[in-house]
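Structure first, commentary second.
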Ligand SMILES: [Zn+2]
């Protein structure tokens, strides 16, 4: 390892977000599709959901999906392309020699910003009409194809205006990993033009990343317990920044 890049951002919900929770949770007000919640009862975004979405959108954009015998899309497991380098490969894959292939990216579970969660609880500001503690409910109709009968179901959603604290840690082993940062950021753009969670085709799950901040730590920063000095906001990430990052990381090696 030669260093790490830590990305912090606000993940802003633009249209109702539904990331399904287990059906074992207590249902409130007839909701049959609840959202996943932390032990405190607050909705959150599992890091694995977000990572999976970033990966699949990147794979789709660059034709990196492989197919099984049934023609279903599978994540790439070549171990060589930039998608495998950034997002890793599953340990259960056939190629055992790749088992110790280090995954570069960690996407942490994203929790509601403290002030937003408080506004939601107190039903203040944007959330004055919120029905439940942190969520709203919405009826969706689906038509049974055999009987043509309407089948209305009540979905729980995180409302527009909710903001989650996002943290992504990206480990850098070599110069190519530094170049792949551009690919990672491309994934953010794909996400903003797509959706997160379920019911995207019904308009759910539009999100936006705001206040994106980058912090770097070289291996020397870890041993000296001092933070790296290459901090940047997203509009400062240019070729000069990449040059400085390479200099700092390669020098530190
Ligand atoms: Zn691959």
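The values are calculated or read from the model by the stated rules, or taken from the named source; none is laboratory data. In this text, all values refer to a predicted model and were calculated from it rather than measured experimentally. All Cβ positions, glycine included, derive from the backbone under ideal geometry; neighbour counts span all protein chains shown.
Points worth noting:
- Close pairs (6 angstrom Cβ cut-off, 6 or more residues apart or separate chains): within 20 Å of residue 53 (Cβ to Cβ) and within 6 Å of the ligand (Cβ to nearest atom) in the stretch 76-96, modelled with pLDDT under 80 and not in a loop (DSSP other than H, G, I, E, B) anywhere: 76/66
- The residue that is modelled with the lowest pLDDT, among those in the stretch 100-124 that are surrounded by fewer than 12 Cβ atoms within 10 Å (Cβ to Cβ) and away from the ligand (no atom under 15 Å from the Cβ), is 100.
- Applying the condition of being within 14 Å of the ligand (Cβ to nearest atom) and assigned to a loop (DSSP other than H, G, I, E, B) to the stretch 65-75 and asking which residue is modelled with the highest pLDDT yields 75.
- Which listed residue is out of contact with any helix residue (DSSP H, G or I) (no Cβ under 7 Å at 6 or more places or on another chain) and at positive phi, from 205, 200, 161: 205
- Just one of the numbered conditions (1) surrounded by fewer than 17 Cβ atoms within 10 Å (Cβ to Cβ); (2) within 28 Å of residue 244 (Cα to Cα) is not true of residue 203: (2).
- Flag for residue 54 being surrounded by 11 or more Cβ atoms within 10 Å (Cβ to Cβ), at pLDDT 95 or above, within 15 Å of the ligand (Cβ to nearest atom) and in a helix (DSSP H, G or I): yes
One line per residue, one yes/no per condition, for (1) part of a loop (DSSP other than H, G, I, E, B); (2) within 23 Å of the chain's Cα centre (by Cα); (3) in contact (Cβ under 8 Å) with a residue 60 or more places away in the chain; (4) exposed (fewer than 15 other Cβ atoms within 10 Å of the Cβ):
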site	(1), (2), (3), (4)
138	no, no, yes, no
152	no, no, no, yes
177	no, yes, yes, no
187	no, yes, yes, no
191	no, yes, yes, no
217	no, yes, yes, no
235	no, yes, no, yes
